[in-house]
Amino acid sequence: MAASNPTGQRNLVTFRLDRQTCALPIEPIVKIIEMVSITPIPQASKALEGVINVRGMSVPVINLRRYLGLPEAALQLHTPIILARVGETVVGLIVDEVIDLLTLPGDQIVHLADMMPGGLGEVPIWQGLVHTPGGIVLLLDLDHLFSAPPGVGLTQAVETLPRAVVPALRTEGEEAPREPHPPEEVEA
């Protein structure tokens, strides 16, 4: 995920969660859509809002506010969902607002492990932070979104979804599904 292009530039999509500006590398982002009808999954992790239909493929949708323990906010008609590839799965990430595309030198990212005192441990879902004229931007690490300790329950909830609902999820030894085409349209 930390790969950069040959010139050392990083392209990030910035978004807001509560009062914090966050970012994702642009590479795993498939598409950004506005809110659509979400089908809830009973007894799933609270952070899993449900699933949406994206061109015939069911995509799990995660409410990043809930996942990160931030105060709840009502979902609005124009609330964005960032569709991103995590491993072999496309997931939707509900954020408050998509702000902009930020291009910066890769060496401008400060890795949290480099600045945290040893006793505080790591924060694996945050790849690092960037100082910008508008303030500090936290860089989310999608590789750790499901594997970080707060995400253990979320990982289990997504894994319990029926294979028909999320065909890209599979256990070791199962035949790999055909690679889905990136979504171009969203069906509510």
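When you look at Ala84, is it more than 8 Å from the chain's Cα centre (by Cα) and either closer than 14 Å to Leu48 by Cα or open to solvent by less than 60 Å² (accessible area, probe 1.4 Å) (or both), yes or no?
On the way: more than 8 Å from the chain's Cα centre (by Cα): no; either closer than 14 Å to Leu48 by Cα or open to solvent by less than 60 Å² (accessible area, probe 1.4 Å) (or both): yes.
Here the answer is no, as Ala84 does not meet what is asked.
State whether the residues of the range 51-58 include one that is free of Cβ contacts under 8 Å to residues at least 40 places away in the same chain, more than 30 Å from Asp107 (Cα to Cα) and out of contact with any Cys (no Cβ under 8 Å at 6 or more places or on another chain). Can you show your working first?
The first filter runs over the range 51-58 and keeps only residues free of Cβ contacts under 8 Å to residues at least 40 places away in the same chain, leaving none.
The answer is no, given that none of the residues of the range 51-58 is free of Cβ contacts under 8 Å to residues at least 40 places away in the same chain, more than 30 Å from Asp107 (Cα to Cα) and out of contact with any Cys (no Cβ under 8 Å at 6 or more places or on another chain).
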Inset, instruction - Of the conditions (1) modelled with pLDDT under 85; (2) under 15 Å from Leu17 (Cα atoms), Gly121 clears all except one; give me its number. - result: (2)
Legend entry - Filter result for Leu104 (open to solvent by less than 40 Å² (accessible area, probe 1.4 Å), within 22 Å of Val51 (Cα to Cα) and at pLDDT below 90): no
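Within the range 82-100, track down each residue that is touching a Leu at 6+ places or on another chain (Cβ under 7 Å) and either closer than 15 Å to Arg16 by Cβ or part of a loop (DSSP other than H, G, I, E, B) (or both). Steps first, answer last, please.
First, the residues of the range 82-100 that are touching a Leu at 6+ places or on another chain (Cβ under 7 Å): 82, 84, 86, 89-90, 92-96.
Selection gives Ile82, Leu93, Ile94, Val95, Asp96.
Please count how many residues of the range 63-81 are under 13 Å from the mean Cα position of the chain (by Cα), open to solvent by less than 50 Å² (accessible area, probe 1.4 Å) and farther than 12 Å from Leu145 by Cβ.
Filtering the range 63-81 down to residues under 13 Å from the mean Cα position of the chain (by Cα) leaves 63-68, 80-81.
Imposing the further condition that a residue be open to solvent by less than 50 Å² (accessible area, probe 1.4 Å) reduces the set to 63-65, 67, 80-81.
If we keep only those that are farther than 12 Å from Leu145 by Cβ too, we end up with 63, 65, 80-81.
The number of residues fulfilling the criteria is 4.
Does any residue of the range 25-32 turn out to be open to solvent by 20 Å² or more (accessible area, probe 1.4 Å), over 16 Å from Pro80 (Cα atoms), in contact (Cβ under 8 Å) with a residue 60 or more places away in the chain and not in a strand (DSSP E or B)? Talk me through it step by step, then tell me what you get.
From the range 25-32, those open to solvent by 20 Å² or more (accessible area, probe 1.4 Å) are 26-27, 29-32; that's our starting set.
Right, trim to over 16 Å from Pro80 (Cα atoms) and you get 27.
So of that shortlist, the ones also in contact (Cβ under 8 Å) with a residue 60 or more places away in the chain come out as none.
No, that holds for no residue.
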Legend entry - Single match in Ile109, Ile94, Ile136 (criterion: within 16 Å of the chain's Cα centre (by Cα) and at pLDDT 50 or above): Ile94
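The values are calculated or read from the model by the stated rules, or taken from the named source; none is laboratory data. Because the structure is a prediction, the values reported are computed rather than measured. All Cβ positions, glycine included, derive from the backbone under ideal geometry; neighbour counts span all protein chains shown. Areas reflect the complete protein model, heavy atoms only, side chains present, ligands, DNA and RNA absent. Shrake-Rupley method; radii C 1.70, N 1.55, O 1.52, S 1.80 Å.
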